[in-house]
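K.L.:
Pasting a structure below so you can have a look.
Nothing in this text is a laboratory measurement; each read-out follows from the coordinates by a stated rule. Everything numeric in this text was worked out from a predicted model, so none of it was measured.
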Amino acid sequence: MAFVAVARLDEIPPSRGLRVTAGGIALGLYRIGDAIHAMEDACPHAGYPLSKGRFDDGIIVCSAHGLRYDVRTGFDPGHADGFPIPCFRVRIVEGRVEVDLEDRINAPQARSARPSPPLAPKKTTAP
């Protein structure tokens, strides 16, 4: 894990996102209660910064085209089976917000890379 400091906790408002850059990646930081969430800050439709959108109850709405994303999961709330915007692990250390850019918490390949449990052998019934 490689956490990097990206902001001070007191810089992140509860009513909108804060755009920061780390490791060449633009991130939106969002406060929900006592938790901070980090998500790539580009709408997949046209690359517009999501952090400039309307933020309410964990959902950021792209101000360019109205697309909606849950900052906790990266998914469109109405289509949780699609492709999410990358979200990253966050920790708070002495008032600093740190993000681990190597730990994408919603990577689709992480879900599909898990081996499926073995199938139980079929039971046969004797005639």
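K.L.:
With the convex hull built on the Cα atoms of the range 3-108, state its orientation-averaged projected area in nm².
P.N.:
6.1
K.L.:
If amide H atoms are built 1.01 Å from N in the plane of the peptide, which residues on other chains or at least 5 residues away come under 5 Å of the amide H of residue 53?
P.N.:
When sequence neighbours closer than 5 places are left aside, the close amide H contacts are 63.
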